[in-house]
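**Student:** Handing you a structure now.
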Amino acid sequence: MDESRRTLLKATAALLLDQWAAVRLGALAADPSAGAGRKVVILTCGGIRREDTFAESGFHNIPHLYRDLLPQSTFYPFVRNAGVTSHYNTVSSVVSGNWQRLDDWGKTPPSSPTLFEYLRKRMGLRQDQTWLISSNKALTSRIGASTVREFGPAYGANVIFPKQLLINAVVHAAAEGRAVHSSDRSTVQPEIEAMLNSDNYDGLGWAVGGETSSLDLLTLGTMQKAIEDLVRTNAPATGDEFTFLVAAEVMRRFAPSLLTITLSDMEVAHFGSYSLHLAGVATVDRLVYELWAQLQSLPAYKDKTTLFVLPEFGRDLDGSTTNGFFNHRQNSESTRLTWMMCLGDAVRKAQIIENPIEQTDICPTIARLFELKNLDLPGKPMPGLWL
Amino acid sequence: MTKTIINDGRGDAQMDEARVAVAHKLIESLPVTMRPALNQQLSAWDSLFAFEQKSVTRFMSGLQTFAPSALEALTQPLRSLEGRMGVAHWNFSESKDTMENASMLARSEFYADWRGEVQRVFAAINAAAHDSTAEIPKPGRLILIVLPESLPVDPVNSWRPWDKRAQAFKINGDARRLSELCIHGRAERPGIMGQFAQQDGRQSADLWMIDAGAHLKEYLAPSEREVASILSYADLMPFRDKFLAGVNTVPKSIEATDQTLASLRQRDWETWWPAELSGQTRLRSFVIDLFLSGNGALIFSNAFVEWAASEALRRARPSVLIARFGFRAKPKPFTGIAIFENQQRISTLPDVDDPQGSATDALILARYIWLAALRYPENKQTCCLCVLEQQNAVYVVAPDGMTLPWGVDHPPTPEEISDWIGRHLST
């Protein structure tokens, strides 16, 4: 990615968080020394097949994961998604430790408590200590807290969708018949302003509490500059890049104890472009590597953080009636069987754990890392980690 | 005894009002979750292809052979499963397939069991009808896939094989001539169009030409075009743009999406259809179904070609299908983020071709067309040729028992290939 553009996006991400904190957190904002104990970052991405990643036919798509990170990780090559292989249900299942069977488009919250709620209630953490930052438009903010009465939104995570900000601004402009172009930026500006200032839209700053959001003029100006810059260049622009930059800024500002990031560039597969799908896989590979480097460089995270990296599921078999790699709804090993990589604090030694595990085992594992006891979870902690 | 649902002498299914009423009654005897698809087919009878009509009719004939007690015994496990899934408490449409139906079924913990049971019941009922509608042997079939010269496809030896029978041959001549030669043949050697002209009862659904651009139709005289089902992604652009704008109004709610999609289906699109589809109600309905079923058909030309070909094979079982792939542009800034949009409209930056990415996409999607064909029994008579114009080569999967008359030492000329196709189709 063009470095000047990235710098601009970074600044945008920072300002965005400034504004977010001012509106929601007031005097409590930004105490990166908070949460001195263990920290966990979960990074999930959409559907990626094993054959396109951790297989002879796929290693070239993931040079960082395979060459740089695998040798220092605990790697689980057989991780099963035994639930509904849709995005909202899968991420909900990972963070709640129970297979969720919810409306695919996030109409209802998880039906059992999430890790965010367990952590905040049991450990007395503030809301800025648990975050979910997502590229995926299939998710909604309801994923941050369950419907369980003793838990719920009062203990939920901050949930934000940075990519949606850009989509909304640009698509809205197009819907009004105005193409985005550097030469006629003034025609797009009202749409961007309206989008950034609108309350409760399905995007940036849509926290569980449902507070209203608005952006200050400085942030607004920076966003406009970022968008103008993105338009002017013809380099590939990716939503996952922006999501990552916002996540990095959240780590710097708040150093949350539990941060979940979901990436989705590879979901372009739904539109039938295998080459763009592989480009999305390459983006995940690069961003995971950068995330790991970031965790090593931030004092709040260095040597006390465990990073979990996993695809939500695979993709359907070539030749399936569901049109192969386009989709992820087939009841096949290609779709259900995926992998996971663990890096950092909890890793006993670099090793490959071939025993099959399920994605619902992640929640009890993380609960054990935070010394949360007596949780009613069906899964069991994963082998190979210091727990 | 209810009125019998029959095939007429030509094999075309008859479905007048009385028979529709009988069919609806029969469908009511089935478990709830089997009803939407069948009711939908009945209500859209005129938009079904002949193969689909025959399939429904055959199924109904099979259903009629079951005594109530036998049907109850056959379907009891499925009804029991529906009870455990709680279908009675769902907002489940029996009149048509909806996204809400699919979503509720897919997130049930019994979904896999349910699929298995539905397949078992369908198979049993179809088997009961089998004797009365024995298949008539069909002549040879052809799938001709063209990867045009502009696509820099990898060498064949680096491909994932399509089929264990597949072979690649260099062409002794100009591969770019092959499509036209196959379609028109040459003196004394009729091509596809000639063969179709000689045979009575051929329908346009028996010959499909699906094109990322608008090249294939140029091989046909205007008078010949009605003989085939011709779909051009390029020619569909005005309709696609308008339809995509409608699809992009879909809200983030499954129930509301079903309503929006239903309204899109009903809308009057007359102004936006290309001239080639004038009066072709069935083909227009096919395109709308295609666009509403996703799979990138509205977004990328090559996804359109693959998905249209796969659906044509599933729904119409044509004797000949020609699919020509093409280009897509590189995603522009922002459209790389919001790709389910009209790139030309969102950004006024000029399009930049992505030949390498397009070639990667086209190659896997070309293979998917053949894999789609393999799902149906007609594949046993089907020869698949993929023409690699840039490499001046052809990749061939021939039916079992058929020996190709070419070899490494004797690369075929385009004329030899088209003659051979002509012979195959007439066998």
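None of the figures in this text is laboratory data; all of them are computed from the coordinates on show. Everything numeric in this text was worked out from a predicted model, so none of it was measured. Note that each Cβ is placed from the backbone with ideal geometry, even for glycine, and that neighbours are counted across all protein chains shown.
**Student:** How much mean residue ellipticity at 222 nm does chain B get from its helices, if each DSSP H run of length 4 or more adds -39500 (n - 2.57) and you divide by all residues, to the nearest 500 deg cm²/dmol? Intermediate results must be reported in sequence, preceding the final value.
**Tutor:** Working: 15 runs with 183 residues, N = 427.
When only DSSP H runs of four or more count, the value is -13500 deg cm²/dmol.
**Student:** Something else now. So for each of A:338-347, B:371-380, B:49-58 I average, over its residues, the number of other beta carbons within 10 Å; can you give me the resulting order with the highest mean first?
**Tutor:** Details: A:338-347: 22.7, B:371-380: 16.5, B:49-58: 19.8.
The densest-packed peptide leads the list: A:338-347, B:49-58, B:371-380.
**Student:** Still on this structure, please answer the following. Cα atoms only, the stretch B:121-244: Rg and Dmax in Å?
**Tutor:** Computed over the Cα atoms of the stretch B:121-244, radius of gyration and Dmax are 19.0, 53 Å.
**Student:** Here's a follow-up. What net charge is computed for the residues neighbouring residue A:87, neighbours being all others with C-beta under 10 Å from the C-beta of residue A:87, Lys and Arg scored +1, Asp and Glu -1?
**Tutor:** Details: positive: A:137; negative: A:104, A:267, A:312.
Overall, the nearby charge balance is -2.
**Student:** Students often check this: by mean Cβ neighbours within 10 Å, which of B:391-401, A:255-265 ranks highest, and how do the rest follow?
**Tutor:** On the way: B:391-401: 18.0, A:255-265: 27.0.
Descending mean neighbour count gives A:255-265, B:391-401.
**Student:** Hey, what's the per residue convex hull volume over the C-alpha atoms of the stretch B:343-427, in cubic angstrom?
**Tutor:** Details: hull volume 13.5 nm³, N = 85.
Spread over its residues, the Cα hull of the stretch B:343-427 gives 159 Å³ apiece.
**Student:** Separate question: Is there a quick way to get the dipole size of the stretch B:234-337? I mean about its Cα centre, with the Cβ of Lys and Arg at +1 and of Asp and Glu at -1; what is the value in debye to the nearest 20? Please list the in-between numbers first.
**Tutor:** Values: 14 positive and 10 negative charges, 56 e Å.
That gives the stretch B:234-337 a dipole magnitude of about 260 debye.
**Student:** Evaluate E = 1/(1 + (r/R0)^6) for residue A:290 and residue A:387, where r is the Cβ-Cβ distance and R0 equals 30 Å; express this FRET efficiency to the nearest 0.05. Before the final figure, lay out the partial values.
**Tutor:** Details: r = 27 Å, r/R0 = 0.91.
Efficiency, from the Cβ-Cβ distance: 0.65.
**Student:** Still on this structure, please answer the following. On a 0 to 90° scale, report how tilted helix B:50-64 is relative to the longest principal axis of chain B, with both axes built from alpha carbons and the result rounded to the nearest 10.
**Tutor:** Long axis of B:50-64 versus the principal axis of chain B: about 30 degrees.
**Student:** Given C-alpha coordinates of the stretch B:215-263, what is the ratio Rg to Rh with the Kirkwood estimate of Rh?
**Tutor:** Values: Rg = 16.4 Å, Rh = 13.4 Å.
Looking at the stretch B:215-263, the ratio lands at 1.23.
**Student:** Could you tell me the calculated FRET efficiency between residue B:20 and residue B:409, based on Cβ-Cβ distance and R0 = 51 angstrom, to the nearest 0.05? Don't skip to the answer; put the middle values down first.
**Tutor:** Values: r = 61 Å, r/R0 = 1.19.
Computed FRET efficiency for residue B:20 and residue B:409 comes out at 0.25.
**Student:** Net charge around residue A:306, counting only other residues with Cβ within less than 12 Å of its Cβ (Lys, Arg = +1; Asp, Glu = -1)? It would help to have the intermediate numbers written out before the result.
**Tutor:** Working: positive: A:38, A:39, A:304, A:348, A:368; negative: A:303, A:345.
Computed value for this residue: +3.
**Student:** If I model the stretch B:26-170 as equal point scatterers sitting on the Cα atoms and use the Debye formula, what is log10 I(q)/I(0) at q = 0.10, 0.12, 0.14, 0.15 Å⁻¹?
**Tutor:** -0.55, -0.71, -0.83, -0.88
**Student:** Bins of 10 Å, beginning at zero and ending with the bin holding the largest distance: percent of Cα pairs per bin for chain B, please.
**Tutor:** So the P(r) values, bin by bin, are 4, 19, 28, 26, 17, 6, 1.
**Student:** Over all residues in A:272-284, what is the mean tally of Cβ atoms on other chains that come within 10 Å of each residue's Cβ? All intermediate terms of the calculation are to be shown ahead of the outcome.
**Tutor:** Working: counts 18, 15, 10, 11, 10, 3, 2, 3, 1, 0, 0, 0, 0.
For this peptide, the per-residue mean of nearby foreign Cβ atoms is 6.
**Student:** Would you give the gap between the C-alpha center of the stretch A:294-330 and the C-alpha center of the stretch B:197-213, rounded to a whole Å?
**Tutor:** 44 Å
**Student:** Follow-up. Which three semi-axes in whole Å describe the equivalent ellipsoid of the stretch B:263-308, each the square root of 5 times a Cα gyration tensor eigenvalue, listed largest first? Intermediate results must be reported in sequence, preceding the final value.
**Tutor:** Numbers: eigenvalues 70, 31, 17 Å².
With the √(5λ) rule applied to the stretch B:263-308, the semi-axes are 19, 13, 9 Å.
**Student:** Calculated FRET efficiency, residue B:124 and residue A:122, Cβ-Cβ r, R0 51 Å, to nearest 0.05? Please report the intermediate quantities before stating the final value.
**Tutor:** Details: r = 54 Å, r/R0 = 1.06.
Approximately 0.40, to the nearest 0.05.
**Student:** Regarding the stretch A:246-314, what are the three Cα extents along the principal axes, ordered largest first, in Å?
**Tutor:** Projected onto the principal axes, the Cα atoms of the stretch A:246-314 cover 42, 19, 17 Å.
**Student:** Please tell me the relative contact order of chain B in percent, rounded to the nearest whole number, where contacts are Cα pairs under 8 Å and at least six residues apart.
**Tutor:** Values: 601 pairs, mean separation 107.1, N = 427.
Here the relative contact order equals 25 percent.
**Student:** Report the local net charge at residue B:210: Lys and Arg +1, Asp and Glu -1, summed over other residues whose C-beta lies under 12 Å from its C-beta.
**Tutor:** Values: positive: B:217, B:324; negative: B:211, B:235, B:306, B:311.
Surrounding charge for residue B:210 is -2.
**Student:** Going by average Cβ neighbours within 10 Å, how do the peptides A:52-65, A:300-313, B:255-268 rank, with the highest at the top? Could you put the intermediate results ahead of the total?
**Tutor:** On the way: A:52-65: 17.3, A:300-313: 21.7, B:255-268: 14.1.
Ranked by mean Cβ neighbours within 10 Å, highest first: A:300-313, A:52-65, B:255-268.
**Student:** Between 0 and 90 degrees, rounded to the nearest ten: what's the tilt of helix B:254-266 against the longest Cα principal axis of chain B?
**Tutor:** Between the helix axis and the principal axis of chain B, the angle is about 60 degrees.
**Student:** Whole number please: convex hull volume per residue, Cα atoms of the stretch A:319-375, in Å³. Could you put the intermediate results ahead of the total?
**Tutor:** Numbers: hull volume 7.8 nm³, N = 57.
Here the figure is 136 Å³ per residue.
**Student:** Measure out, as a whole number of angstrom, how far apart the alpha-carbon centroids of the stretch B:85-113 and the stretch B:11-62 sit.
**Tutor:** 21 Å
**Student:** Which one, B:272, B:227, B:244, is farthest towards the positive end of the dipole of the stretch B:213-275 when Lys and Arg carry +1 and Asp and Glu -1 on their Cβ?
**Tutor:** Checked the options; the winner is B:244.
**Student:** Once you charge only the Cβ atoms, +1 for Lys and Arg and -1 for Asp and Glu, what is the size of the charge dipole of the stretch B:88-194 about its Cα centre, to the nearest 20 debye? Mind dumping the intermediate values first?
**Tutor:** On the way: 14 positive and 14 negative charges, 124 e Å.
Charge dipole, the stretch B:88-194, about its Cα centre: 600 debye, nearest 20.
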